[in-house]
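K.L.:
Before we start, here is the structure in question, set down as structure tokens.
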């Protein structure tokens, strides 16, 4: 990257010196220094490819740049060097960052664990040394060291990194837990069911690596024909030089004709026909909150045939909100009264559900009375004394175990189960051990989700798919709200990869939008991956091909539409460049093309396609894309 940056600085310095009328030797020296700093890596790579009997376009560009300098067009050659050096450096940087993030993923699981012996003793061991059947102690706030099952204790575990669930899951004896997930306020004893190398978090790292390696190497359109074009150009250049000599032409005339051919046939205009529109589109998208990592990605986004959305943190904000309040008819409270007392009891708690209840009460302007005798039971709920009322708040199963059986019990069960069937989390409130009401809590849907789903449907002609690790009821509720009918729920990371590959069977080109570690394998396997930047995991941000920096979903259809427009501009530019190259080449082969005129025609086509591509820098281009004019 530093060599590419140095080449760019030297090129700009040379250009400034030339435009300001500086001495010729100065700007020539600056340009040539840029040739060396930016050209040695692609030149060396091209020579290595040549040794393997492959003609690399990078080598061809270096030769074309040297040829341009040989006939006095040193600035044009410097521009080619900068473009290719920068492109190669960005690709290498993206690859290195992804590899670093995959290695960092394995750091989620702790290095050590507290293993319990048969006699109850404790010893600290390396997590990689844990064997199947070992029992480990997980204290409050610790990360779980291995995949396994809870054998004793109760707590809530944040396992969003694995399943994408927005809320911590209550865990008691018999429940499954995963390495790398975060334990809450309780203590757990976990029996190890998988070795460290076989854990879910290790499999995620493997999936990302495999998907990145097996994913076909993406290329720009112009790169797909570079090998044949490069070979053809070299062969014809040699022929243009050698054949006239065999027929008795003068050496100087043959050399001049061959040099003219190499200049007018070199793919400078073709390269500039492709890169400026895509780079301009990248810059425009960046100004509006979408980081597209390369020109290849910008080109690929426009070919999307279907979009697959993650749920938590993508279509939703990943933060719970109170959606419904149901006070039982026999309870002595109105809805606001029930919410006021429940929020007062939950106020000392650190649980995300408690925070959602407190926020809802404050949003309604309710004044919370103080709570006394507060206690929290991990995985079960809280209890407190509020204004003389003994309140207990928790899950349906925990509250049924703690309450007296009354006439309201059946109503409470029916009400809670109805909420759960609709994808909400049911929180039961007891007053004096008798059911008083049920609160329904859901993840917050992003305000722009409905419009975004409709927009990508119009753009691609195919309805999006919802891929989530959350349960079916919750996923179906969200899908109904945003307008998605194809819902695939309860998916682990490898299941998401399988789903993406199924969608891409045939000629499908799926763009996956996600934010979590569990989304990273699917982002890597997809035709294009887009990560939500606000709360996205490091692995997702590095694996994705593009990042929505401000978490604005409406930019996703906008950047797809902008990509499609950039592809149309590229096509138009290629037609212009091909017409100029064909005309100049035929003139040189059939007639006698003066070198200055050949250079002028070549540079003229370069300027035309370059200016045409730069139109995508204008704000109007993004505004048009924002209207989803594909």
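The values are calculated or read from the model by the stated rules, or taken from the named source; none is laboratory data. Given the structure is predicted, the values throughout are model-derived calculations rather than measurements. Neighbour counts run over all protein chains shown; Cβ positions are idealised from the backbone, glycine included.
K.L.:
Grab the strands (runs of 3 or more DSSP E) fully contained in the range 476-575, keeping just those with 3 or more residues being crowded, with 22+ Cβ neighbours inside 10 Å and at pLDDT 90 or above.
P.N.:
Numbers: elements: 486-488, 510-514, 528-532, 546-548.
Hits in the range 476-575: 510-514, 528-532.
K.L.:
Sticking with this structure for a sec: Given the range 328-414, what helices (runs of 4 or more DSSP H) lie entirely inside it while holding 3 or more residues that are surrounded by 15 or more Cβ atoms within 10 Å (Cβ to Cβ) and modelled with pLDDT of 90 or more?
P.N.:
In the range 328-414, 335-346, 352-363 are the helices (runs of 4 or more DSSP H) which contain 3 or more residues that are surrounded by 15 or more Cβ atoms within 10 Å (Cβ to Cβ) and modelled with pLDDT of 90 or more.
K.L.:
Hey, any hits in the range 50-67 for a residue that's under 30 Å from residue 538 (Cα atoms) and modelled with pLDDT of 70 or more?
P.N.:
The answer is no, given that none of the residues of the range 50-67 is under 30 Å from residue 538 (Cα atoms) and modelled with pLDDT of 70 or more.
K.L.:
Determine the pairs where a residue that is assigned by TED's automatic domain parsing to the domain that holds residue 367 and over 20 Å from residue 395 (Cβ atoms), located within the range 327-354, has a partner that is assigned to a helix (DSSP H, G or I) and modelled with pLDDT under 90 with Cβ atoms under 9 Å apart, the partner being 6 or more residues away or on another chain.
P.N.:
329/408; 329/411; 330/407; 330/408; 330/411
K.L.:
If you go through the range 277-295, how many residues are in a helix (DSSP H, G or I) and either touching a strand residue (DSSP E or B) at 6+ places or on another chain (Cβ under 7 Å) or buried (at least 19 other Cβ atoms within 10 Å of the Cβ) (or both)?
P.N.:
So the count comes out to 9.
K.L.:
If we keep just the residues of the range 242-276 that are in contact with a helix residue (DSSP H, G or I) (Cβ under 9 Å, 6 or more places away or on another chain) and not in a helix (DSSP H, G or I), which is modelled with the lowest pLDDT?
P.N.:
Only one residue tops the list, namely 267.
K.L.:
If residue 239 meets every condition in (1) at pLDDT below 80; (2) over 30 Å from residue 611 (Cβ atoms); (3) part of a helix (DSSP H, G or I) apart from one, which number is that one?
P.N.:
With respect to (1) at pLDDT below 80; (2) over 30 Å from residue 611 (Cβ atoms); (3) part of a helix (DSSP H, G or I), residue 239 is out only on (1).
K.L.:
Please pick out the residue among 186, 232, 180 that is at pLDDT 70 or above and part of a helix (DSSP H, G or I).
P.N.:
The match here is 232.
K.L.:
Confirm whether residue 423 is on the phi > 0 side of the Ramachandran plot and either modelled with pLDDT of 90 or more or buried (at least 18 other Cβ atoms within 10 Å of the Cβ) (or both).
P.N.:
Answer is yes for this residue.
K.L.:
Report yes if some residue within the range 125-138 is out of contact with any strand residue (DSSP E or B) (no Cβ under 7 Å at 6 or more places or on another chain), more than 18 Å from residue 37 (Cα to Cα) and at pLDDT below 65; otherwise report no.
P.N.:
no
K.L.:
Turning to a different aspect of this structure: Out of (1) under 34 Å from the mean Cα position of the chain (by Cα); (2) more than 15 Å from residue 276 (Cα to Cα); (3) modelled with pLDDT of 70 or more, the odd one out for residue 628 is which?
P.N.:
Evaluating residue 628 over (1) under 34 Å from the mean Cα position of the chain (by Cα); (2) more than 15 Å from residue 276 (Cα to Cα); (3) modelled with pLDDT of 70 or more leaves (3) as the failure.
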